[in-house]
1. Looking only at region 95-132, count every residue that is more than 23 Å from TYR67 (Cα to Cα) and either buried (at least 20 other Cβ atoms within 10 Å of the Cβ) or in contact with a helix residue (DSSP H, G or I) (Cβ under 7 Å, 6 or more places away or on another chain) (or both) and tell me the total.
2. Would you pick out the residues in region 226-242 that are in contact with a helix residue (DSSP H, G or I) (Cβ under 8 Å, 6 or more places away or on another chain) and surrounded by fewer than 24 Cβ atoms within 10 Å (Cβ to Cβ)?
3. Within region 68-87, restricting attention to residues that are surrounded by fewer than 21 Cβ atoms within 10 Å (Cβ to Cβ) and small (Gly, Ala, Ser), which residue is farthest from ARG98 (Cα to Cα)?
4. Could you list, in sequence order, the residues of region 111-136 that are in a helix (DSSP H, G or I) and over 15 Å from GLY82 (Cβ atoms)?
5. Looking only at region 85-110, which residues are in a helix (DSSP H, G or I) and among the basic types (Lys, Arg)?
6. Among the residues of region 193-245, write down those that are part of a helix (DSSP H, G or I), within 14 Å of LYS167 (Cβ to Cβ) and not β-branched (Val, Ile, Thr).
Amino acid sequence: MKNSNYTQLSMFDIVLEQPKEEITQKFDSGKVEENLAVVSNTENNNLCPYKIPTIDEIVKLIEKSAYGTDKTRLISNVFECGAIAISNLLDLIQKAEREKRYTDIMNNYKPEDRNSLCNIFSKIYALCSSVVYDDGVFKDYLGELFIRLNQGNSHTGQFFTPFHISKFMAECALLPDIVKEKTKDDGILTISDPCSGGGGMMVAALSVLKECGINYGRNCFVACSDIDIRCVHMTYLQLSLAGVPAIVKHQNSLTRETWSIWRTPAFMLQYPRFMKYEKYN
């Protein structure tokens, strides 16, 4: 393994060296057996050691899995169970309560449907985490998935900003000179989004920071909140899998009423460095 900047800072800074040969790995999940070809993305010059799924593939898988069940509930459960699975790796204080919630959700599905949820999340995990590799492409993957599956709520004005607009706004706000000034001498740049949606604006900000040569896994802290719990889970997933230290709150940003708090693994693993931001968030 090597670090793209040749300076090991945390587990999220480490990337795998590009494999020279194809690797085939077989996963057995109950009655479901799936052969996943894990290949180097040489055509994209990407160090990611597995074939990166596409939004089209995930949409088709969800549509197929949602046959005979409520698609909106299925999608929400995939996001929530995925967020819980990641949170419970390190946020031990909330683990018992969230594990019970995970079990309650899964108990509402038949075994074959549980396997479908796991398969869908494995694709989401692979797609969103691919951004950490040297040539990883930042996009609002979950926001695009959400809209492609017609899950936006037009009655409440819920429309996700197209990623190229988010990227333009991030470039206007995060000017290279300002960013480098804030992060010099190992400083920390803080970014906040009180209405994060699926986290697209923050992903755009990460893309800009990477282009500026900033190690956002160490020199950036992100605070997000949203009143829609589905958006909270989506934001948490995208920031967690991108390796950014962040706190995401299920919160009414106007009244400050808070129902749950989600801390990313990068935040938990570097808690002594970022804990000062928790009480001000």
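The values are calculated or read from the model by the stated rules, or taken from the named source; none is laboratory data. Computed from a predicted structure; not experimentally measured. For neighbour counting, all protein chains shown are included, and Cβ atoms are generated from backbone atoms with ideal geometry for every residue, glycine included.
1. 8
2. Within region 226-242, ILE229, ARG230 meet the criteria.
3. Restricting to residues being surrounded by fewer than 21 Cβ atoms within 10 Å (Cβ to Cβ) and small (Gly, Ala, Ser), the top hit is GLY68.
4. PRO111, GLU112, ASP113, SER130, VAL131, VAL132
5. The answer is LYS95, ARG98, LYS100, ARG101.
6. Within region 193-245, GLY200, MET201, MET202, ALA204, ALA205, LEU206, SER207, LEU209, LYS210, GLU211 qualify.
A quick yes/no check of all residues on (1) in contact with a Leu (Cβ under 8 Å, 6 or more places away or on another chain); (2) without any contact (Cβ under 8 Å) to a residue 60 or more places away in the chain; (3) not basic (Lys, Arg):
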position	(1), (2), (3)
GLN238	yes, no, yes
ALA246	yes, yes, yes
ASN252	no, yes, yes
GLU257	no, yes, yes
TRP262	no, no, yes
PRO265	yes, no, yes
GLN270	no, no, yes
MET275	no, yes, yes
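Let's see how each residue does on (1) modelled with pLDDT under 90; (2) within 19 Å of the chain's Cα centre (by Cα):
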{"site": "ILE58", "(1), (2)": "no, yes"}
{"site": "LEU74", "(1), (2)": "no, yes"}
{"site": "ILE105", "(1), (2)": "no, no"}
{"site": "LEU117", "(1), (2)": "no, yes"}
{"site": "VAL132", "(1), (2)": "yes, yes"}
{"site": "ASN150", "(1), (2)": "yes, no"}
